[in-house]
Every structure is written in C-alpha cells, then in structure tokens.
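**Student:** Supplied in structure tokens, the structure appears directly below.
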Amino acid sequence: MHELGITQGIVERAREAARQAGAVKVTDLFLTITPAADFQPESIEMYYEMLTDEDEMLRGAALHFARASIAATCLACGEEFPTETPRPSCPACGSQQVTFDPREAMIQLTDVGVDDGPQGESAPAGDDSRDEPAPADPPAVPPGGSTN
Ligand SMILES: [Zn+2]
C-alpha cells in the first residue's frame, strides 16, 4: 500500500509546482521511475485518480512515466554501476547480489504541464502578446487526408 503515500507526495509536489507557475490546472505530470521502484505505474495512476478526484486543479492530468537509471553497488566485489534493470548483474563479476543506492528516490516528479487559464485577464501590460500569424495557404493535402 505504500504507493498511496508515494502518490500523495507526488500530488503535493504537483500542486506546489502549479501554484508557483500560477496555473489554474495541471494537465500533465512527468515522472521518472528507477529500477528500485517496486510498484507499477498503473497503481500510481490509480491512486492519483483517487486522490485528485475532487481536486479541480489536479484532476484528470495525464501521467507520463519514464524509466531512469539508478546507482547500483555489487555486494560481492564492490563495483558501482548505473543500471535501468530491476535485477541487474554486476558488470565486473557477474554477481546478482546487487543493491541500489537507498538515497535515490524510486519515483520523481520531473515536470508538470499546466494550463494557466484564459489569456488576457491578468496579462502584463505590453503588446507583445504573440498573435500567431494566420496560416498561409494550406498545403495541398486536404484536412483529414482522406481522398475518398
Ligand atoms: Zn561484482
């Protein structure tokens, strides 16, 4: 059940990041998981939905998981090496008695995607609001691409 606590930590950090960014809504969470993580991303997603069910700012955000490497140490020969595998073997001696650096987080929130609300309401003065130039003549491919 410790995924619940882990997810709570992620939710707190995402909320804090959104506040700092002045966002009204978090749309994406980018997370990295190291091989030391003994849980599935799906369980984090499940708890995330549960925890943010009534949270307007965080509800419905997409979670993106990436694998990260972690520092591992061979208990047999002391070799230290980075690995992305949950059950690595030592590159020096082949032993599978390998431990992960306990100081490294199993999961980290690396970035959040936010929606900072309707434009123009509290925009700073100045007229450098970047209007996208209207697209010129569209390319020959028709929208949808179907030729039927
Ligand atoms: Zn070794």
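The values are calculated or read from the model by the stated rules, or taken from the named source; none is laboratory data. Small disclaimer: the values here were computed from a predicted structure and weren't measured. Counting neighbours? That spans all protein chains shown, and the Cβs are built from the backbone with ideal geometry, glycine included.
**Student:** Looking only at residues that are surrounded by 13 or more Cβ atoms within 10 Å (Cβ to Cβ) and among the acidic types (Asp, Glu) in segment 53-79, which one is farthest from residue 107 (Cα to Cα)?
**Tutor:** Once the filter is applied, the top-ranked residue is 79.
**Student:** I would also like to ask the following. Any residue in segment 11-28 that is closer than 21 Å to residue 69 by Cβ and crowded, with 20+ Cβ neighbours inside 10 Å?
**Tutor:** No.
**Student:** Right, something else. Could you identify the single residue in 46, 50 that is at pLDDT 95 or above, within 15 Å of residue 8 (Cβ to Cβ) and surrounded by fewer than 13 Cβ atoms within 10 Å (Cβ to Cβ)?
**Tutor:** When all the criteria are applied, what remains is 50.
**Student:** Can you tell which of 76, 37 is modelled with pLDDT under 95 and of a type outside the set (S, T, N, Q)?
**Tutor:** 37
**Student:** Related question: Show me the strands (runs of 3 or more DSSP E) found entirely inside segment 1-103 where at least 1 residues are touching a residue at least 60 places away in the same chain (Cβ under 8 Å) and over 17 Å from the mean Cα position of the chain (by Cα).
**Tutor:** Counting at least 1 such residues, we get 98-100.
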